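Undergrad: My questions will all concern the structure given below.
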Amino acid sequence: MKGAKICVFAKGDAASAEICGAFGTKLANAGFTIVSDFDETVELIVCIGGDGSLLNTLAALRFPNTPIIGVNTGHLGFFQELQPGELDEFIFRYKEKRYVIQELKTLRARIASEDGGEDELLGLNEIAIHGAHSHVANLNIFIGDSFIETFRGDGILVSTPAGSTAYNYALGGSIVDPRLDLLQITPIAPINNSAYRSFTSSVLLPPHLSVNVFPEFVRKPDILVAADGAEHTYTGVKRIHVAFSGETVRLLRLPQYDFWNKVKQKLL
Ligand code: NAP
């Protein structure tokens, strides 16, 4: 009888390819069936690389609900739970179901154009809205139904708790324990002078509120929206709506996983 299916993805570098081969052999020897194409019958996704590889894998698979675990091959590895030296121990624990699942919410951005077109982007870390072509972004920002400000600057970032340690943190946003259920809006280089006023700090929102952005176009009618770093440029956008998607990513963690230890190891 064939064992449970595990789908393994690896970054294209030599170190990740080597770990991929070794881990695949170990998993097969432990009775699992290794596949490289994902479908609904897969029990676990393994991603070998860094956080960027995990984010790319999730985006390529349209953020599946299947548990995923990362093996870190020389990157920051905030999402990546395993080091290459821990594979045997992981297989032993996995077979005994000694792990925890960390449910992380994803964001959905709906981009509506003047011509009636609509696009949709999903992100686990964040949705960033930037001025295109290095121009200042002029963004009318509503939180829920309330108009808050006309933001002027490079743009704004809406991040999840999971994404709070990524671009958000580099912008001076707060680190959020992922057990908290909230959205964070962080300004990107806001302009504050005698002509313009924008928030200079992050703001935190309860999970049911959405962010609506109505761009004003001064020069070119373009705006750049990035979901987890993947950029899309749109022309003639009327509104960008950002909110939790209602779907989660299920990250597999070892029982001793502790968010604040990870912060200490990786960010301090
Ligand atoms: P990338 O090279 O894939 O990632 C940039 C760095 O961010 C890498 O060191 C990555 O870790 C780390 N990272 C990703 N998610 C993280 C998280 N949740 N917590 C802590 N660190 C995290 O860059 P990309 O393809 O442009 O975009 C992927 C992500 O990078 C975006 O979602 C964004 O948050 C972040 N980013 C950060 C900055 C900045 O800090 N100034 C600028 C642009 C984008 P690994 O080394 O393990 O891959």
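None of the figures in this text is laboratory data; all of them are computed from the coordinates on show. Since we're looking at a predicted model, the values are computed, not measured. Please note: Cβ atoms are built from the backbone with ideal geometry, for glycine as well, and neighbour counts cover all protein chains shown.
Undergrad: Can you tell which of A189, A59, A170 shows the greatest fluctuation in a Gaussian network model of the chain with Cα springs below 10 Å?
TA: Ranking A189, A59, A170 by mean-square fluctuation puts A170 first.
Undergrad: Considering the dipole of segment 1-122 built from charges on the beta carbon (Lys and Arg +1, Asp and Glu -1) around the Cα centre, which of L27, G49, C7 is farthest to its positive end?
TA: Among L27, G49, C7, the one farthest towards the positive end of the dipole of segment 1-122 is L27.
Undergrad: Related question: Only loop residues by DSSP count here, and only those with at most 12 other Cβ atoms within 10 Å; note down the trypsin sites (Lys or Arg not before Pro) in segment 204-268 that meet that.
TA: R219
Undergrad: Within a Cβ distance under 11 Å of S53, other residues only, what is the Lys/Arg minus Asp/Glu net charge?
TA: Value of the local net charge: -1.
Undergrad: Where does the chain land on the Kirkwood hydrodynamic radius, alpha-carbon pairs, in angstrom?
TA: Roughly 19.8 Å, rounded to one decimal.
Undergrad: Go ahead and set up a Gaussian network model of the chain, Cα springs under 10 Å, then flag whichever of P161, P64, P84 fluctuates most.
TA: P84
Undergrad: Separate question: If we count GluC sites (Glu not before Pro) as exposed when they sit in a DSSP loop and have at most 10 other beta carbons within 10 Å, what is the longest stretch of the chain that avoids them all?
TA: Looking at the chain, 97-268 is the longest stretch - no exposed GluC sites (Glu not before Pro) with at most 10 other Cβ atoms within 10 Å.
Undergrad: Of G116, G155, G173, which has the largest mean-square fluctuation in a 10 Å C-alpha GNM of the chain?
TA: Answer for the Gaussian network model of the chain: G116.
Undergrad: For the chain, what does -39500 (n - 2.57) per DSSP helix run (n ≥ 4), summed and divided by total residues, give at 222 nm, in deg cm²/dmol to the nearest 500?
TA: Values: 5 runs with 48 residues, N = 268.
Mean residue ellipticity, 222 nm, calculated: -5000 deg cm²/dmol.
Undergrad: H133: net charge of surrounding residues, Cβ under 11 Å, Lys/Arg +1, Asp/Glu -1, itself excluded?
TA: On the way: positive: R219, K220; negative: D222.
Overall, the nearby charge balance is +1.
Undergrad: Let me ask something else about it. Taking the beta-carbon count within 10 Å as an exposure proxy, list Y167, Y196 from fewest neighbours to most.
TA: Ordered from fewest to most neighbouring Cβ atoms within 10 Å, Y167, Y196 come out as Y196, Y167.
Undergrad: Can you tell me the FRET efficiency between K266 and S134 if r is taken as the Cβ-Cβ distance and R0 is 30 Å, rounded to the nearest 0.05?
TA: For K266 and S134, the calculated efficiency is 0.45.
Undergrad: Can you give me the long-range amide H partners of S210? Hydrogens built in the peptide plane at 1.01 Å from N, cutoff under 5 Å, separation of 5 or more residues or another chain.
TA: Here G144 satisfy the definition.
Undergrad: Tell me, what HN-Hα J-couplings in whole Hz come from the Karplus equation 6.51 cos²θ - 1.76 cosθ + 1.60 at θ = phi - 60° for each residue of segment 117-124, using x for Gly and Pro?
TA: Once θ is set to phi - 60°, the couplings for segment 117-124 become x, 9, 10, 9, 10, 10, x, 8 Hz.
Undergrad: Counting C-alpha atoms alone, how compact is segment 1-120: give Rg to one decimal and Dmax as a whole number, in angstrom.
TA: Computed over the Cα atoms of segment 1-120, radius of gyration and Dmax are 16.2, 56 Å.
Undergrad: Just want the answer: with Cβ charges of +1 for Lys and Arg and -1 for Asp and Glu, which residue in T160, N138, S174 is farthest toward the dipole's positive end in segment 102-176?
TA: Farthest along the dipole direction, towards plus: S174.
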